[in-house]
Amino acid sequence: MSRRLEVDVAIIGGGLVGSSAALALRGLGFSVALLDKGFCGAQASGVNYGGVRRQGRPIEQLPLSQRAHAVWPRLRALIGIDGEFLRSGHLKLARDEADMASLEAYAEAVAEQGLDLELIGHNGLRERFGWIGDGIVGASFCPGDGHANPRLVSTGFAAAARRAGVEVLENTAVEGVTRDGGGFALEAAGNLTLRSRFVVNSAGAWAAPFAESFGEPVPLSRIYPSMVVTEPMEPVMSVNIGMEGGGIYARQVERGNIVVGGERALPLNDPDLSRPRGDGAIAIMNNAAALFPGLRHAQAIRFWSGTEGAMPDKNPVIGPSETTHGLIHAFGFTGAGFQIAPGVGEVLAELVRDGETQTPIAAFSIGRFRETSARTDAGSGAGQNQEPQH
């Protein structure tokens, strides 16, 4: 049996970005359909580490990150649950003096961004965070950051959107999107035909074909972060932990379990799926035990992975299409989308309503991947102002 729908906005991808955009758009009075090829929040949004941090982000992401920062304490009012959000603070550790110099340089660069970073030397670290092992020379602490349960938050936004009146269509893969008159025509699984005035492409690791179908190819790749969770333990760590330069991250939830990440899983024959590596899980636990002696006898009870979209410059694509009026992109968060997603949802809603947003997003334009014509002198300035195509 075929089905037809007509809405103001069709959103492809029910991750946290798509779900938060759907909720924000519904709040502005738009009719919305949220389509996901599986279940909302089942991919990157629901299986990530759960870090809610601004510290360490590129400076160009901080205005968006600060906008999202104001949303997290309002989760219960917004979606009906707090998602286990805990403003614990985020402590970024330095292994050596070079790492510490890097943390100091970052703190100076973002001093006007409102992160209130505190640099802590070796002795101060031992006094305040005595559960951290030897071999750490210092750290940078961001007191306003924290962590949350991604599984609860991502599905919570989708459930809230459904309650608000969004047509949430799970197990409904979008098979084609075309520009049609003043809007778009979408063909989806289950003989669904949908017409909309706007389309939001928030399809995560699956977003590139939709962008390319409108003449905007992007170098979107896939990454497969791998996590381990321990048995419930007595309090070991009081803050969300990261390492300068990467390598390991860890947080303890209120039930006592400790979530640790830092390795990558392997894709299966179907690259939509991945499997954590046994040696990777062992490496995660060994690294964690070396840093945090309280974990030396911890039992790992589960490990998992997920599929995330990644861009080569580690910045997402957020903003209007440069070829097609009414098409808006938001994907490629490269493993760092969880904290900023609620802010991105608000920005997407503003782009639909107003065609612009007060939050700076120029750095995330899909146009940064536009190929320069082979017949254009890259230094001439020619070709920088494209003709409107709508």
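The values are calculated or read from the model by the stated rules, or taken from the named source; none is laboratory data. What you see is a predicted model, and the numbers here were worked out from it, not measured in a lab. Here Cβ is always computed from backbone atoms with ideal geometry, including for glycine, and neighbour counts include all displayed protein chains. What goes into the accessible areas is simple: the full protein's heavy atoms, side chains included, and nothing from ligands, DNA or RNA. Shrake-Rupley method; radii C 1.70, N 1.55, O 1.52, S 1.80 Å.
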* Top-ranked residue in the range 264-306 [being touching a residue at least 40 places away in the same chain (Cβ under 8 Å), in contact with a helix residue (DSSP H, G or I) (Cβ under 7 Å, 6 or more places away or on another chain) and within 17 Å of residue 231 (Cα to Cα); ranked as surrounded by the most Cβ atoms within 10 Å (Cβ to Cβ)] -> 288
* Structure fact -> Per the filter on the range 184-225, residues surrounded by 19 or more Cβ atoms within 10 Å (Cβ to Cβ), touching a Lys or Arg at 6+ places or on another chain (Cβ under 6 Å) and of a type in the set (Val, Ile, Thr) are none
* Restricting attention to the range 238-256, report how many residues are in contact with a strand residue (DSSP E or B) (Cβ under 6 Å, 6 or more places away or on another chain), of a type outside the set (Val, Ile, Thr), at pLDDT 95 or above and part of a loop (DSSP other than H, G, I, E, B). => 1
* Could you grab me the full set of residues in the range 22-32 that are closer than 14 Å to residue 198 by Cβ and surrounded by fewer than 24 Cβ atoms within 10 Å (Cβ to Cβ)? => 26, 28, 29, 30, 31
* Does residue 338 meet the test of being of a type outside the set (A, V, I, L, M), open to solvent by 20 Å² or more (accessible area, probe 1.4 Å) and within 12 Å of the chain's Cα centre (by Cα)? -> no
* Would you be able to tell me the number of residues in the range 151-172 that are open to solvent by less than 10 Å² (accessible area, probe 1.4 Å), of a type outside the set (Ser, Thr, Tyr) and within 15 Å of the chain's Cα centre (by Cα)? => 2
* Structure fact -> Within the range 45-76, residues under 10 Å from residue 338 (Cα atoms) and open to solvent by 30 Å² or more (accessible area, probe 1.4 Å) come out as 53
* Condition met for residue 228 (closer than 30 Å to residue 133 by Cβ, in a strand (DSSP E or B) and open to solvent by less than 30 Å² (accessible area, probe 1.4 Å)) -> yes
